Structure formats: structure tokens, C-alpha cells
Amino acid sequence: MIQEFMTQDHRECDNLYAPLEQAINAEDFEKALELFVPFRDAMLRHFAMEEEVLFPKLEEFIGGGEGPTYVMRMEHDQIRSIINQLGEAIEAKNCDKALGLGETFMIMTQQHNMKEEQVLYPMSERLPIDQEETLKKMKEV
Ligand SMILES: [Fe+2]
Ligand SMILES: [Fe+2]
């Protein structure tokens with residue numbers, strides 16, 4: 001349930017990024033800026049669902065410390081920083097910089113999402129956490 005919902009949300013974020021990259025490639029910065037806002041908001045909301053609801057729930061069972069959720073939070077910080085810089089590069093109409101940051105964003109996010117989909121989300125389905133309640137809280141973020 002959690003696995004399916006969050007994996008689908010990864011795909012939706014990817015789908016918001018693809019047309020943004022096309023607009024940057026075409027140096028259509030007005031359109032890029034328009035597409036950047038919903039993309040950024042979807043990414044930030046996805047991270048918030050994990051940091052505010054899912055990870056604390058997992059940490060009740062696996063502990064916090066420097067474990068897997070700690071690593072995921074650090075990667076969120078790195079990706080958020082890339083997204084901010086990408087927004088600045090689009091505003092500055094700097095095509096090369098925006099494309100470079102976009103590539104870094106894609107690589108980091110793909111690796112991050114794979115770890116969640118292969119390790120953390122399956123873990124959240126195996127642990128005795130209330131799937132429905134957790135999902136409901138995530139959707140409220
Ligand atoms: Fe994440
Ligand atoms: Fe995620």
C-alpha cells in the first residue's frame with residue numbers, strides 16, 4: 001500500500017521534471033519557470049511526507065541514529081539544494097548551468113528513489129505499522 005503509493009509519487013515527480021528539462025533545452029525560460037514551480041512543490045511535498053510521517057514511523061522500529069532514514073534525510077537536503085540552484089539558474093536564464101544541475105538532480109534522485117523502492121518502502125510494508133493510518137497522514141501533508 002505504502003510502497004505502491006510512494007513509488008507512484010516518484011513517477012509523478014519524474015513526469016513533472018521531463019517537460020521542464022525540455023523547456024530548458026529549448027531555452028524557453030518563461031515556460032521553464034512555469035513548469036519549475038509545480039515540479040518543485042511536488043518534490044518538496046514528497047520529501048515532507050517522508051520526513052514528517054513515514055520516516056518517524058519507521059524509526060519507531062528501526063531507530064534513528066545514523067541508520068537508513070538518516071541517510072535518506074541527508075540526501076533530501078542535497079536534492080533540495082540542487083532544486084533551489086536549478087530554480088536560480090532558470091531565473092538567470094543560464095541554460096548550461098540549468099542543464100548541468102538538471103542532470104545532477106536526475107542522477108541523485110534516481111539513486112535515492114531506487115534505495116527507497118528497494119529497501120525502505122518494502123520495509124515499511126513488513127513492519128507492523130498501520131498502513132492505512134500512515135498513508136492517510138502522508139496524504140494530509
Ligand atoms: Fe526520499
Ligand atoms: Fe521517496
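The values are calculated or read from the model by the stated rules, or taken from the named source; none is laboratory data. Because the structure is predicted, anything quoted here is derived from the model rather than measured. Every residue, glycine as well, gets a Cβ built from its backbone with ideal geometry; the counts of neighbours run over all protein chains shown. Side chains included, ligands, DNA and RNA excluded: accessible areas come from the protein's heavy atoms. Shrake-Rupley method; radii C 1.70, N 1.55, O 1.52, S 1.80 Å.
Within segment 26-61, track down each residue that is assigned to a helix (DSSP H, G or I), out of contact with any Gly (no Cβ under 9 Å at 6 or more places or on another chain) and more than 20 Å from Phe5 (Cβ to Cβ).
Hits for segment 26-61 are Phe29, Glu30, Lys31, Ala32, Glu34, Leu35.
Only one residue in Glu91, Glu27, Glu59, Glu103 is surrounded by 13 or more Cβ atoms within 10 Å (Cβ to Cβ), farther than 30 Å from Glu132 by Cβ, over 11 Å from the mean Cα position of the chain (by Cα) and among the charged types (D, E, K, R). Which one?
Glu91
Return only the number of the condition from (1) free of Cβ contacts under 8 Å to residues at least 40 places away in the same chain; (2) among the acidic types (Asp, Glu); (3) assigned to a helix (DSSP H, G or I) that Glu66 does not satisfy.
(3)
Limited to segment 79-88, what total is found for residues that are within 11 Å of ligand 1 (Cβ to nearest atom) and open to solvent by 10 Å² or more (accessible area, probe 1.4 Å)?
Number of matching residues: 1.
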